[in-house]
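K.L.:
Mind having a look at this structure? Questions to follow.
The values are calculated or read from the model by the stated rules, or taken from the named source; none is laboratory data. Not measured: the values here are computed from a predicted model. Backbone-built Cβ (ideal geometry, glycine too); neighbour counts: all protein chains shown. Just the protein is used for accessible areas: all its heavy atoms, side chains included, with ligands, DNA and RNA removed. Shrake-Rupley method; radii C 1.70, N 1.55, O 1.52, S 1.80 Å.
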Amino acid sequence: MSFEWFISQRYLKSKQKQSFISMITVLSTMGITIGVMTLIVVIAVMSGAESDLKTRIAGIDSHIIIMSYNGPFADYLPALHKLHDFKDIRSASPFVYSQMMARSAHGAAGVIVRGIDPQRSQLVIKDTKGKNLKSHLINTETQSSTEKLPRVILGKELARNLKVSTGERVYLISAGTTDSAMTHMPGMRPFEVAGIFVSGMFEYDKSLVYLHITDAQELLGMGKAVTGIEASVTDIFKAGEIAKKIVARLGFPYWARDWKAMNQNLFISLKLQKVVLFIILALIVLVAAFNITAALIMMVMEKTQDISILKAMGATNQSIKKIFVYKGMLIGLAGTFLGTGLGLCLCTLLKRYKFIELPNDIYYFSTLPVQLEFADLFTIGAVTIVICLLATLYPASYASKMNPVDGIRYG
């Protein structure tokens, strides 16, 4: 152990002549502890929110969609066969996508209709018990009370707004028109509610309707045409690269977009919020670092005779500087480790017990999602230590430049 390190420890442990200096040291440590703890919890929540949204969106949206610049197209089979040649693609199936109006005996709402092929599509449509409802669409004609009706699956919030439950009837009204003798009327068709799904995302649950692709084509008057082809990949984080390869293989007029690109604005917003929150909350650590500077300056003034005696005994300016740098770093390290420990404990409690509930009609999740990442912990710890190190440089440099003669004479 070097004598600089030994003296810095003694200065930190020993009782100061002025208790105010000790109080500033304690407050500095507490400030860094609170700052690091807050940073860890907030960044963990933001990382959890981003990861949770990615998981939910990738489970509801198609990993990759392939569409044509010419709009709906009927000759999709050649493109479908080419997609099956990609080893990274697990499955591919056509889909129909459109905005419509849903009406029941108790209300109406604007909806997004998604026609899928249940036997080909890899989408998972779960109810509150976790059961996959996709098989409910395979039999498109099921016996109702008076007539055979095609089936639909509604989101939980949409079913609540329309005040319908499983087995009841809803009407889908398309934006297209059908000719009559004198006028044009919107296409409308009754459906039976085969199930109610829960995605965990309010925006999806309040507007999404699933039905069989043939029923969607008939309702929209599309014949055999489809809106596009959806593809499921083995690695969702490589979907962007696979989409580029698909476009190169299929050529014009096809274009492809992966699930990240479809939700690009959302993910950019989350990353921006994460960076902004990190900068704002790092100011707590910066304020605590100023307290370290103040505490060290006051200690230098108190230890003037000690510094002069050490210099008279042969201590160099660099050694004096190290003593106060080490002392400030001990305060910073103590606050960093305490804050990290408290932050990890709080994140563990939030993740296990989920005692903070959020309104799911405002947020995408009902409880705080928490995900700790080593890179975030390392960044927070490194930034804190660097700030504390910078805070020690001025008082340490000031102490090293003191004249030992003046310190002994006037100290």
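K.L.:
Among T367, T316, which is more than 30 Å from F202 (Cα to Cα) and among the polar types (S, T, N, Q)?
P.N.:
Unique residue meeting the criteria: T316.
K.L.:
If we scan region 319-332, do we find a residue that is out of contact with any strand residue (DSSP E or B) (no Cβ under 8 Å at 6 or more places or on another chain) and free of Cβ contacts under 8 Å to residues at least 60 places away in the same chain?
P.N.:
no
K.L.:
Among the numbered criteria (1) modelled with pLDDT under 90; (2) over 20 Å from N291 (Cβ atoms), which single criterion is violated by Y398?
P.N.:
Of (1) modelled with pLDDT under 90; (2) over 20 Å from N291 (Cβ atoms), only one is false for Y398: (2).
K.L.:
Here's another thing I want to ask about it. Please tell me if A282 is crowded, with 17+ Cβ neighbours inside 10 Å and in a helix (DSSP H, G or I).
P.N.:
Taking the combined requirement at face value, the residue satisfies it.
K.L.:
Of the residues F374, F337, which single one is open to solvent by 30 Å² or more (accessible area, probe 1.4 Å), of a type outside the set (A, V, I, L, M) and within 17 Å of I292 (Cα to Cα)?
P.N.:
F337
K.L.:
Kindly list the number of the only condition in (1) open to solvent by 20 Å² or more (accessible area, probe 1.4 Å); (2) under 30 Å from G328 (Cα atoms); (3) hydrophobic (A, V, I, L, M, F, W, C) that fails for F237.
P.N.:
Unmet condition: (2).
K.L.:
Which ones in region 293-306 are assigned to a helix (DSSP H, G or I), closer than 19 Å to N317 by Cβ, of a type outside the set (S, T, Y) and touching a residue at least 40 places away in the same chain (Cβ under 8 Å)?
P.N.:
Answer for region 293-306, where residues must be assigned to a helix (DSSP H, G or I), closer than 19 Å to N317 by Cβ, of a type outside the set (S, T, Y) and touching a residue at least 40 places away in the same chain (Cβ under 8 Å): L296, I297, M299, V300, Q305.
K.L.:
Taking region 87-102 on its own, how many of its residues are in a strand (DSSP E or B), closer than 12 Å to I64 by Cβ and open to solvent by 20 Å² or more (accessible area, probe 1.4 Å)?
P.N.:
Counting residues in region 87-102 that are in a strand (DSSP E or B), closer than 12 Å to I64 by Cβ and open to solvent by 20 Å² or more (accessible area, probe 1.4 Å) gives 1.
K.L.:
Consider G223 carefully, then state whether it is touching a strand residue (DSSP E or B) at 6+ places or on another chain (Cβ under 6 Å) and open to solvent by less than 70 Å² (accessible area, probe 1.4 Å).
P.N.:
The answer is no for G223.
K.L.:
If you check V113, V124, which single one turns out to be among the hydrophobic types (A, V, I, L, M, F, W, C), at pLDDT 80 or above, outside any helix (DSSP H, G or I) and within 20 Å of E203 (Cα to Cα)?
P.N.:
Criteria check complete, one pass: V113.
K.L.:
With buried (at least 18 other Cβ atoms within 10 Å of the Cβ), at pLDDT 90 or above and more than 34 Å from the chain's Cα centre (by Cα) as the only criterion, which of V152, V170, V164, V209 stands out?
P.N.:
Within the list V152, V170, V164, V209, the selection yields V170.
K.L.:
Can I ask one more? Looking at the structure I just gave you, is F267 over 30 Å from Y69 (Cα atoms), within 23 Å of the chain's Cα centre (by Cα) and open to solvent by less than 60 Å² (accessible area, probe 1.4 Å)?
P.N.:
no
K.L.:
Continuing with the same structure: With M402, M313 as the choices, which residue is open to solvent by 60 Å² or more (accessible area, probe 1.4 Å) and over 21 Å from V36 (Cα atoms)?
P.N.:
Among M402, M313, only M313 is open to solvent by 60 Å² or more (accessible area, probe 1.4 Å) and over 21 Å from V36 (Cα atoms).
K.L.:
Now, a different point. For F290, indicate whether it is in contact (Cβ under 8 Å) with a residue 12 or more places away in the chain and in a helix (DSSP H, G or I).
P.N.:
When the stated conditions are applied, F290 passes them.
K.L.:
Now, a different point. Name every residue in region 247-259 that is closer than 17 Å to D235 by Cα and either without any contact (Cβ under 8 Å) to a residue 60 or more places away in the chain or not basic (K, R) (or both), in order of residue number.
P.N.:
Of everything in region 247-259, those that are closer than 17 Å to D235 by Cα and either without any contact (Cβ under 8 Å) to a residue 60 or more places away in the chain or not basic (K, R) (or both) turn out to be A256, D258, W259.
K.L.:
Would you be able to tell me the number of residues in region 50-86 that are within 27 Å of the chain's Cα centre (by Cα) and either of a type in the set (A, V, I, L, M, F, W, C) or surrounded by 16 or more Cβ atoms within 10 Å (Cβ to Cβ) (or both)?
P.N.:
Residues in region 50-86 being within 27 Å of the chain's Cα centre (by Cα) and either of a type in the set (A, V, I, L, M, F, W, C) or surrounded by 16 or more Cβ atoms within 10 Å (Cβ to Cβ) (or both): 15 in total.
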